[in-house]
1. Looking at residue 231 and the list (1) touching an Asp or Glu at 6+ places or on another chain (Cβ under 8 Å); (2) outside any loop (DSSP other than H, G, I, E, B); (3) within 16 Å of ligand 2 (Cβ to nearest atom), which single condition is not satisfied?
2. Of everything in region 143-179, what is away from ligand 3 (no atom under 16 Å from the Cβ) and either of a type in the set (Lys, Arg) or not in a helix (DSSP H, G or I) (or both)? Give them in sequence order.
3. Output yes when any residue across region 86-95 is more than 13 Å from ligand 1 (Cβ to nearest atom), assigned to a loop (DSSP other than H, G, I, E, B) and of a type in the set (A, V, I, L, M, F, W, C), and no when none is.
4. So which of 191, 286 ends up being away from ligand 3 (no atom under 16 Å from the Cβ), free of Cβ contacts under 8 Å to residues at least 24 places away in the same chain and in contact with a helix residue (DSSP H, G or I) (Cβ under 7 Å, 6 or more places away or on another chain)?
5. Please enumerate the residues belonging to region 244-293 that are of a type in the set (S, T, N, Q) and either closer than 23 Å to residue 201 by Cα or surrounded by fewer than 17 Cβ atoms within 10 Å (Cβ to Cβ) (or both).
6. Scanning for something outside any strand (DSSP E or B) and without any contact (Cβ under 8 Å) to a residue 24 or more places away in the chain, does region 55-75 turn up at least one residue?
7. Condition first: surrounded by fewer than 20 Cβ atoms within 10 Å (Cβ to Cβ) and either within 16 Å of ligand 2 (Cβ to nearest atom) or among the hydrophobic types (A, V, I, L, M, F, W, C) (or both). Now tell me which residues in region 219-228 satisfy that.
Amino acid sequence: MYDLIIEDGTILSSTSRWVADIAVEGGEIVYIGPRPGGGARERVSAIGRFVVPGFIDGHVHFRDPGHPGKEDWASGSRAAASGGVTTVCDMPNTSPPTITGEAWREKAALAASRSVVNYGLWFGAAAGGVEEARRMVDEGPACGIKVFMGASTGPLLVDDATLVEFFKGTRSLMGVHAEDEGVLQAQRLLWEGRVPPTHHDSRPAEAAVVAVRRLVELTRAFPRPVHICHVSTEAEVALLETTRGVLPITLEASPHHLWFNHEQPLGNFGKVNPPLRPEADRRAVWAALRRGLIDTIGSDHAPHTREEKERGYAEAPAGIPGVEFIFSLLLSAVRQGRIGLERVVQLCAEAPAQRFGFVRKGRVAVGADADLVLFREGELVRLTADHILSRVGWSPYLGQNLAPKPEMVFVGGRLVSKAGVIVDDSGRGALVSPAREG
Ligand code: DOR
Ligand code: ZN
Ligand code: ZN
């Protein structure tokens, strides 16, 4: 007796589509093909629907613990599930920051008790933290080492000497917020006491390029997998095009850099690091994505409250929520002919699973976890506040016509969300860790 059979769905990977039944037992896909024999506790017809692997958002800031009133693992993970994201990787710039094994384990316990989706947890790089990172990431359960080369929201920042130590002393995936602190500091002095015309003016493309150039140097000297977060400029793209296939550097793009330029009248609601950029940059990131130079989409979900965003420019925290709209945004792009469906599966499921070493994720295949998303290509609908499950209750995409949230979202074989509404939040996701060699 199977737990679940999904019948007649069109299963989509980056390279194929075929119609088959999927049988699930104990949270795992155990059969794919024509009608499986035997009964099932639950049957779902997926006639006329696509079935894709649950999306993996390698870049969220769910904030718990230490930020009362803000997003937490319950609200953030429900938002994620409603939008087809069945695995998130949470960033370490929480308070306390997850730069020690103890803080990391505390966060893991919190996520275990509240998250309805699966979760990987980044470990934060900090001065003197190489040994701990080795234990927690190279040999342990964390999904990667996160480095802030420039100060952003939160307490984490490493100087160049520390960065070099991490390059020398660790070998796992390193995710990098690449803005150069020297350039940022010079800009801070320049703008002191004044409000720049746009956030981009105070954190120019140069900050990103200088940081990326340094990363390229270090990766050449000490090869190891590096994932550059939220690439936002034409100059970064041009530089990284030259290292493609030569160095083990992969790139993430975030939806807000693809959807908005720096002239968008969003005020502090569009304040994010790295900033929204001029139109030429936005187009260059899209072009890179189409050419295959962008590997993954990460939302950089940074759910600051309305009240925080309504403060003055200097006081308002940077960050844009978005985990729940990756699917809707990318499906809208498909609908508009900007990108193919197969490429979306690659960017949002297959590539992140591969990059993070999540071997049971990112594929609809026998032996993989039954994290599945069912949807139909249909009309776009106007995004309204009712669609938002994140506790912040706002989105820069409000008012835009987007693809609706998926019809059904399964986490480990359990139907968690239907048409954007959470129907079962009694289950809990599991910690996801990279498969280690040897
Ligand atoms: O805008 C941002 N917000 N950029 C970051 O690097 C951090 C994030 C946050 O944690 O709020
Ligand atoms: Zn960042
Ligand atoms: Zn981030």
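1. So residue 231 meets the others, but not (2).
2. Filtering region 143-179 for residues away from ligand 3 (no atom under 16 Å from the Cβ) gives 159-172.
Correct list: 159, 168, 170, 171, 172.
3. Of all residues in region 86-95, those more than 13 Å from ligand 1 (Cβ to nearest atom) come to 86-89.
Then keep just the ones that are assigned to a loop (DSSP other than H, G, I, E, B); that gives none.
No.
4. It is 191.
5. Step one: list which residues in region 244-293 are of a type in the set (S, T, N, Q), which gives 250, 254, 261, 264, 268, 273.
Residues satisfying the conditions are 254, 261, 264, 268, 273.
6. First pass over region 55-75, keeping only residues outside any strand (DSSP E or B): 61-75.
Narrowing the set further to residues that are without any contact (Cβ under 8 Å) to a residue 24 or more places away in the chain leaves 68.
Yes, region 55-75 contains a residue that is outside any strand (DSSP E or B) and without any contact (Cβ under 8 Å) to a residue 24 or more places away in the chain.
7. Scanning region 219-228 gives 221, 222.
To keep it simple, each residue is scored yes or no on (1) out of contact with any Cys (no Cβ under 6 Å at 6 or more places or on another chain); (2) more than 18 Å from residue 309 (Cα to Cα); (3) modelled with pLDDT of 95 or more; (4) within 14 Å of ligand 1 (Cβ to nearest atom).
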position: 217; (1), (2), (3), (4): yes, yes, yes, no
position: 221; (1), (2), (3), (4): yes, yes, yes, no
position: 228; (1), (2), (3), (4): yes, yes, yes, yes
position: 234; (1), (2), (3), (4): yes, yes, yes, no
position: 243; (1), (2), (3), (4): yes, yes, yes, no
position: 258; (1), (2), (3), (4): yes, yes, yes, no
position: 270; (1), (2), (3), (4): yes, no, yes, yes
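The values are calculated or read from the model by the stated rules, or taken from the named source; none is laboratory data. Not measured: the values here are computed from a predicted model. Here the Cβ is made from the backbone with ideal geometry for all residues, glycine too, and neighbour counts use every protein chain on show.
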